Amino acid sequence: MVLATVATDLQQLGNALAADIIGWGAAVLGVALAAMAVIWVLRLVRSS
C-alpha cells in the first residue's frame, strides 16, 4: 500500500514539474520573440 502511495505522489510531482517546465518554456519563448521583435523594429528605424 505504501508503494502505491509513493507511486501516486511521484506521478503527481512529475505532472506538476511537466506543467512548470512547459510554463517556463513558454515564458522563455515569449521573451525571445519579444526581443527579436524589438531588434527588428530597431533595424527598420535605423535603416530608414
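Just subtract the alpha-carbon distance of Ala7 and Ser48 from 0.36 nm times their residue separation and send over the number in nm, one decimal. Kindly include the intermediate steps, with their values, before the conclusion.
Values: separation 41, 0.36 × 41 = 14.76 nm, distance 6.14 nm.
Gain in length upon complete extension: 8.6 nm.
For helix 2-47, report the angle its Cα long axis makes with the longest principal axis of the Cα atoms of the chain; keep it between 0 and 90° and round to the nearest 10°.
0
Taking all protein chains in place and a 1.4 Å probe, what share, in percent, of the accessible surface of the chain do carbon and sulfur account for?
Heavy-atom surface of the chain belonging to carbon and sulfur, 1.4 Å probe: 77 percent.
Could you state the accessible area per residue of the chain in Å², with a 1.4 Å probe and every protein chain left in place?
Ligands and nucleic acids excluded, the figure is 92 Å² per residue.
Using only the alpha-carbon atoms of the chain, report the extent along each of the three principal axes, biggest first, to the nearest angstrom.
On the principal axes, the chain reaches 71, 7, 5 Å in Cα extent.
Can you give me the distance in nm between label points at Ile22 and Trp40, each placed 7 Å from the Cα along the Cα-to-Cβ direction?
Going by the 7 Å Cα→Cβ label model, 2.6 nm.
The values are calculated or read from the model by the stated rules, or taken from the named source; none is laboratory data. Note that the coordinates shown come from a computational prediction; the quantities given were computed from them, not determined experimentally. Reconstructed Cβ throughout: ideal geometry from the backbone, glycine too, with neighbour counts over all protein chains shown. Just so you know, the surface numbers come from the protein's heavy atoms only, side chains and all, with ligands and any DNA or RNA stripped out. Shrake-Rupley method; radii C 1.70, N 1.55, O 1.52, S 1.80 Å.
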